[in-house]
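The values are calculated or read from the model by the stated rules, or taken from the named source; none is laboratory data. The shown structure was predicted, so the numbers you read here are calculated from the model rather than taken from an experiment. Quick reminder, even Gly has a Cβ in these numbers, built from the backbone with ideal geometry, and neighbours come from all protein chains shown. Heads up: the accessible areas ignore ligands, DNA and RNA and are worked out on the full protein's heavy atoms, side chains in. Shrake-Rupley method; radii C 1.70, N 1.55, O 1.52, S 1.80 Å.
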Amino acid sequence: MAGNSFGGLFRLTTWGESHGPAIGCVVDGCPPRIPLSASDIQHWLDRRRPGQSRFTTQRNEPDTVEILSGVFEGETTGTPIGLAIQNVDQRSKDYGDIKDQFRPGHADYTYWVKYGIRDYRGGGRASARETAMRVAAGAIARKVLEALIGPAVTIRGALVQLGPHAIDRSRWDWAAVEENPFNCPDRQAVQAWATYLDGVRKQGSSAGALIEVVASGIPAGLGEPIYDKLDGDIARALMTINAVKGVEIGDGFAAASIPGDIAHDEMRMAGDQVRFLSNHAGGILGGISSGQDIVARFVVKATSSLPNPRRSVNQRGEEVDIRTTGRHDPCVGIRAVPVGEAMLAIVLADHLLRQRAQCGLS
């Protein structure tokens with residue numbers, strides 16, 4: 001199947017299915033002599049791991065990563081890095097009754113039309129289970145950014161809206177993200193979100209979410225001015241995440257209502273450095289990083305797997321009512337936060353290596 005790889009010089013290829021024996025990836029293009037261990041990767045995988053609260057799927061996967069190649073004596077060798085994670089808590093029987101039916105909102109129908117065959121167990125290749133390998137590759141991308149730019153680089157994400165309930169941005173605190181199961185930067189919003197999502201789940205429904213990811217310490221000059229714009233590649237990267245239906249950079253869609261005398265980031269000098277007076281552009285101008293924080297947001301639709309009957313059809317063209325049993329996230333946006341961080345890191349590492357190859361690094 002085509003389309004399993006992402007990136008140019010820093011390239012990720014993933015493999016595996018939700019209910020197969022394992023999932024894995026190959027990361028190619030990582031420079032040599034970068035310190036890397038399984039624990040460097042495991043830290044980020046643990047943030048995405050399922051079953052850590054009542055607000056995520058209760059599938060109990062430890063997501064223990066194994067480095068198969070590309071690392072010797074604690075350093076990358078410059079050769080392809082192979083990673084694998086064993087699947088240990090599959091319950092394929094949960095999908096036996098609906099194997100010939102198409103779940104609304106899922107890729108069941110389109111996969112079947114395209115290939116004439118599909119792995120119905122948990123969505124197979126279309127499952128969000130695949131995103132664990134994106135997070136693993138993102139951990140390596142972070143190490144590349146740190147090695148070539150320095151430890152000042154940070155890539156962080158937060159859930160800024162759950163269903164119709166948005167945070168109060170005046171209360172934003174990055175430290176709060178690590179303190180609650182929602183990855184929420186507004187401590188006062190957490191209890192309201194918990195009450196809301198408990199209610200949604202009891203009704204047999206689900207909720208969507210809006211996630212914001214921010215990269216700080218990225219130098220100016222990354223990206224290309226035409227077809228390989230940095231913001232274009234970030235948008236594509238985030239759109240490849242399961243259930244994502246929209247992406248914006250900086251002010252995004254709100255820019256339509258902001259007048260020009262406000263929307264464009266004015267500049268002054270701070271010593272011998274350019275200083276921007278605002279960041280409406282989200283750290284990218286003309287497809288090239290400006291040196292400001294790179295800010296992107298993406299919206300994740302409500303979870304498609306629902307226990308209440310839904311109208312659909314089956315492979316024989318018969319109309320059916322379908323119920324999806326099993327273990328599912330009432331809001332997939334919660335665990336999408338580290339995935340968004342990882343995809344942003346992968347794009348930035350790729351463009352950093354491209355910049356180094358074409359122009360060098362100052």
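Ignoring the sites themselves, the chain has its longest run without GluC sites (Glu not before Pro) in a DSSP loop having at most 15 other Cβ atoms within 10 Å at 74-177. Of all the C-alpha pairs in segment 242-347, what % are more than 19 Å from each other? Of all Cα-Cα pairs in segment 242-347, 63 percent lie more than 19 Å apart. The long axis of helix 190-202 is offset from the longest Cα principal axis of the chain by roughly 30 degrees. Helix 131-148 and the long axis of the chain differ in direction by around 10°, with both axes built from C-alpha atoms. In loop segments of segment 311-362 as defined by DSSP, the trypsin sites (Lys or Arg not before Pro) with at most 12 further C-beta atoms inside 10 Å of their C-beta are ARG316. The mean accessible area for residues of the chain, using a 1.4 Å probe and ignoring ligands and nucleic acids, is 47 Å² per residue. Across segment 250-266, coupling constants 3J(HN,Hα) worked out from phi with the 6.51/-1.76/1.60 Karplus curve, θ = phi - 60°, read x, 5, x, 5, 5, 4, 5, 9, 9, x, x, 6, 10, 5, 9, 6, 6 Hz, and Gly and Pro carry x. Across segment 234-278, the convex hull enclosing all Cα atoms gives 92 Å³ per residue. Using θ = phi - 60° in the Karplus curve 6.51 cos²θ - 1.76 cosθ + 1.60, the 3J(HN,Hα) couplings for segment 14-21 round to 10, 8, x, 10, 4, 10, x, x Hz; x is entered for Gly and Pro. Here segment 112-169 is treated as a Stokes sphere of Kirkwood radius computed over C-alpha pairs; at 25 °C and 0.890 mPa s its diffusion coefficient rounds to 160 µm²/s. Measuring only protein heavy atoms, the 1.4 Å probe finds ASP321 accessible over about 110 Å². Sorted largest first by accessible area at a 1.4 angstrom probe radius, with every protein chain in place, the residues ASP233, ASP186 fall in the order ASP233, ASP186. Solvent-accessible surface (1.4 Å probe) assigned to PHE182 amounts to roughly 0 Å². Taking a ≥ b ≥ c as the square roots of the eigenvalues of the Cα gyration tensor, segment 169-241 is oblate, since a/c reaches 1.5 or more and a/b is not larger than b/c.
The angle separating the long axis of helix 230-239 from the principal Cα axis of greatest extent in the chain is about 10 degrees.
Using only side-chain charges placed at the Cβ, +1 for Lys and Arg and -1 for Asp and Glu, the dipole size of the chain relative to its Cα centre rounds to 940 debye. For ASN279 and ALA175, the FRET efficiency from 1/(1 + (r/R0)^6), where r spans their Cβ atoms and R0 equals 22 Å, is about 0.55.
Pairs of alpha carbons in segment 65-212 separated by more than 19 Å make up 71% of all such pairs.
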